Structures are given as structure tokens and as C-alpha cells.
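Q: I'd like to ask you about the structure that follows.
The values are calculated or read from the model by the stated rules, or taken from the named source; none is laboratory data. Note that the coordinates shown come from a computational prediction; the quantities given were computed from them, not determined experimentally. Please note: Cβ atoms are built from the backbone with ideal geometry, for glycine as well, and neighbour counts cover all protein chains shown.
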Amino acid sequence: GSNYSLDGNNEVHPGFIHRRLRTHEKREMQKEILSILGLPHRPRPHLSHGKYNSAPLFMLDLYNTISSEEKSQVEGMLDRYQSMRTTQSPPLATYQETAFLNDADMVMSFVNLVEYDRELSPQRRHHKEFKFNLSQIPEGEAVTAAEFRLYKECVSRAFRNDTFLLKVYQVVKEHPDREADLFLLESRRLWAAEEGWLEFDITATSNLWVMSPVHNLGLQISVETSSGQSISSKEAGLVGRDGALEKQPFMVAFFKVSEVHIRSAR
Amino acid sequence: STGGKRRQQNRNRSTQPQDGSRGPGPADYNSSDQKTACRRHELYVSFRELGWQDWIIAPEGYAANYCDGECSFPLNAHMNATNHAIVQTLVHLMNPENVPKPCCAPTKLHAISVLYFDDNSNVILKKYKNMVVRACGCH
């Protein structure tokens, strides 16, 4: 980093060593800062899916909300929400997320890990699977809220005036020879012409996945028309892996620290 | 211990405005004292200079700051001296070999938020408490 005096005259304090760090010193400095951040090592993310797809954008949105809050404590939460709504189209973070954010010590977004979509099961039922890796949550963090987020685009003329019934399930048990056992989390009726982010509360499911990773078999969604016909999520306008990066499905969880983090002695 | 009369004088000195001929005002401390006095110094920790742009999304760095300087008598020349620091100074004056001066340390600390990727390309937004020194004082 750099060092300069408060009065801005570039006066260097006599006790402060002002020079470029040597390689090993820089490495030591990195180690110390990582320790402050509570990380055992420097993360090495694989950013092949694009650095700025929907999840990082959503998180950046939350970060900017926090930063503006730190800059101006006098501004009301509602005002910030309103400005967020007017500056972004469509908005990623909603008023609810802002409320969760105020109570959270950590927020984490999870990318969808499923490599292929099972659009048509043997029973001719369209469904789509989603999986998220929640195994690396730091100890002592408890989930206070979690959301599964899907982007819906306005669909083609075939369904223009129709409504869809979207069902979100938690996969309870998988079988090699038949369909998985499912637990219905939420069903929601959507207008075909509707466009924007859809949020589904998966707090209880996420808590189960954090506490017992073997039960993390992912989520499934299915869509039916008003006449009960099963259609693919793509036909219903739900953006999948082949869609725009900034509209990719993801999940987000809000955490509260339940234990005091103590750095180990070295 | 001091007599009641002297204590009364001290009290007057601390509460009444002083002219140039009586007692030490802020201008009486020479500039070197002011320079070495306990105060906050700016120190920017740059994540960019640490070569972490690939996993830290925001911020680019933060003004961590640090406290440095001497906590020497009279402590009212310093910002935010605790009552105990005053006692510590007096004991130090009586026994400078064995008792250290009070410490120049943070009195107000603030949090920062850091947004970063983990190994699985998930994104974490975490609040870190007590990361930024807002004010220093003698403890």
C-alpha cells in the first residue's frame, strides 16, 4: 500500500519504512491480509462462465447498496431501493434482499452446477434440474434467508395470453430406474408476457443442505400451461444455461455469524 | 498528593481561557512534539497491488490507517486519551524505567465489506468488523 500524511503534503512519518516490498515480503503481506480476511489460502476461481454473469452482478448490486449505506447513513432504505429501481433495468436486488442484507454478516451466491438439462423425462414430463455446492460454508455461519432466482422473459405469440403454473421442488431421493422423489417448495402462476426475476424462498432447504450435504440433491422445476400441458421451461421464457449470462439462474444465501471467529495462533 | 489550593489552581487552569503569559496553551508545544504526538496516519492496503484482481471483485483496496506517535504528558494535547492513560502517564513519570507510557492505539474502528470469488466461482460478500481506524488515542 501507500503511506501519506493526513495534511496531504506527502510527508513520510519517520518511523514508517517507505519502500517497495521484496517478493518474499509481499508474499508475507498477502498471507497476513488473507489471515485478516479469514481465508486459509488465496481463492483461485474458474471464471470460464464469464466473470460478470447474473450472480456476480447481483452481488455487486448488494455491495453497492452497502457501500452507499456506509457513505451516507442518513439516506433512508426506501430511497435507496427507489434509486436502485430507477437506475437498473431490470433490478436484481429487491427491497426484501436489502432487508436481509442489513441483518447479514455474509452473503453468498452459488452458481448452478448442472451440466445438462433433463427437459423430458421418460414419463413425458418436462423438468429442469439445478444443483448448488453449499459444502464450503465457513463454520459458525447460519443461514438466515436463501433464495433461488430465475429470470423469466416474455414468451412468443403461441402462449401470449396464457398463464403458466411454475412448480419448484426439492429433490429428496434419486432412483436409477424411475423419477426422483420430490418435495414441492412452491407453485406460482405466471403471466406469459411477464418479464423479470422470480425469487423463491428456499431457506429451510438451504439449512438442510448446509447441515447435511448428503441431502443436497438439488432443485427441480416444471411448468404447465393453464390447460395442464407440460411444457419446457424455455417455452415458458425461463432463461437457462444457454441464455444470456446476466440472466442465468442462481441461488443466494444470507448468513449470520453464530460463533466468534478466532484466528489461530501461529 | 497535592494541597487543596494547588488543586483549585489546576482546576482553574483547565477550565479558564489562557492568555500567552500563563501556562502552556496548544501553541506552546513545539512543532516536533506535534509531529510525534499520537495520531492517525493513512495507510492504504491495495488489493490490486497484491495482485488479487482476479478474485477480489470490490473494493480495489481500503484505507486501513494506523495509529502512531507518543503518548507523553500532558495527555490533553492528544486526541481521546482515556482516564487510565492519564494515570498510566503519571506512574510512568514516577517510574520511567519499569512502567511504560500509555499506548497509541485505535479508539474508533469501522467495518468494510469485501466482495470476492471463492474456489468454486461462488461469490461472497462479507462484512469485516474493525478494519478501518477512524480515530486514535492514548490507552
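Q: Which condition does A:VAL114 not pass, out of (1) among the β-branched types (Val, Ile, Thr); (2) modelled with pLDDT under 70; (3) assigned to a loop (DSSP other than H, G, I, E, B), if it passes all the others?
A: (2)
Q: Out of the residues in the range B:98-114 that are within 14 Å of chain A (Cβ to nearest Cβ) and among the aliphatic types (A, V, I, L, M), which is surrounded by the most Cβ atoms within 10 Å (Cβ to Cβ)?
A: Within the range B:98-114, the match that is surrounded by the most Cβ atoms within 10 Å (Cβ to Cβ) is B:ILE112.
Q: Based on this model, can you work out whether A:GLU153 counts as surrounded by fewer than 21 Cβ atoms within 10 Å (Cβ to Cβ), at pLDDT below 80 and more than 13 Å from chain B (Cβ to nearest Cβ)? First the steps, then the outcome.
A: Numbers: surrounded by fewer than 21 Cβ atoms within 10 Å (Cβ to Cβ): yes; at pLDDT below 80: no; more than 13 Å from chain B (Cβ to nearest Cβ): yes.
So A:GLU153 does not fit the description; no.
Q: Considering only residues that are in a loop (DSSP other than H, G, I, E, B) and under 16 Å from A:ALA193 (Cβ atoms), which ones fall in the range A:235-248?
A: Of all residues in the range A:235-248, those in a loop (DSSP other than H, G, I, E, B) come to A:235-237, A:239-244, A:248.
Of everything in the range A:235-248, those that are in a loop (DSSP other than H, G, I, E, B) and under 16 Å from A:ALA193 (Cβ atoms) turn out to be A:GLU235, A:ALA236, A:GLY237, A:VAL239.
Q: Could you tell me whether the range B:126-136 includes any residue that is assigned to a loop (DSSP other than H, G, I, E, B) and either more than 9 Å from every other protein chain (Cβ to nearest Cβ) or without any contact (Cβ under 8 Å) to a residue 12 or more places away in the chain (or both)?
A: Of the residues in the range B:126-136, the ones assigned to a loop (DSSP other than H, G, I, E, B) are none.
So far as the range B:126-136 goes, no, none of its residues is assigned to a loop (DSSP other than H, G, I, E, B) and either more than 9 Å from every other protein chain (Cβ to nearest Cβ) or without any contact (Cβ under 8 Å) to a residue 12 or more places away in the chain (or both).
Q: If A:LEU219 satisfies every condition in (1) buried (at least 18 other Cβ atoms within 10 Å of the Cβ); (2) more than 24 Å from A:ALA253 (Cα to Cα) but one, which is the exception?
A: Evaluating A:LEU219 over (1) buried (at least 18 other Cβ atoms within 10 Å of the Cβ); (2) more than 24 Å from A:ALA253 (Cα to Cα) leaves (2) as the failure.
Q: Now a separate question. Answer with yes or no whether A:LEU208 is surrounded by 14 or more Cβ atoms within 10 Å (Cβ to Cβ) and part of a strand (DSSP E or B).
A: Details: surrounded by 14 or more Cβ atoms within 10 Å (Cβ to Cβ): yes; part of a strand (DSSP E or B): no.
No; evaluated as a whole, the condition is false for this residue.
Q: I've got another one for you. Quick one: which residue in A:GLN136, A:GLN220, A:GLN170 is outside any strand (DSSP E or B) and within 24 Å of the chain's Cα centre (by Cα)?
A: Answer to the check: A:GLN136.
Q: Applying the selection to the range B:79-117, what residues are in contact (Cβ under 8 Å) with a residue 60 or more places away in the chain and over 22 Å from the mean Cα position of the chain (by Cα)?
A: B:TYR116, B:PHE117
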